[in-house]
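The values are calculated or read from the model by the stated rules, or taken from the named source; none is laboratory data. None of the values given here were measured: they were computed from a predicted structure. Neighbour counts run over all protein chains shown; Cβ positions are idealised from the backbone, glycine included.
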């Protein structure tokens, strides 16, 4: 995953003029997107929740990959594959607890 760099600036009434001069020299046009402190905190919590969810999904994928690999290794080589009528995939036959 490639994320793009994002810059945040803390601008207060005390540093507004200095910031505008410096920012316009570096970036050109000035556009403002305002966010309250509680909304910024909520955004931070949302990013943390996304990170937690992604890590949970990664762990789940690894668990199922390892379970299937183990099942394949433990299946004797001379076992014939039997597909029940009405199933579309071997995964329909696997019971995940």
Would you check if residue 94 is at pLDDT below 85 and surrounded by 10 or more Cβ atoms within 10 Å (Cβ to Cβ)? yes
For the stretch 62-81, the count of residues that are in a helix (DSSP H, G or I) and exposed (fewer than 10 other Cβ atoms within 10 Å of the Cβ) equals 3
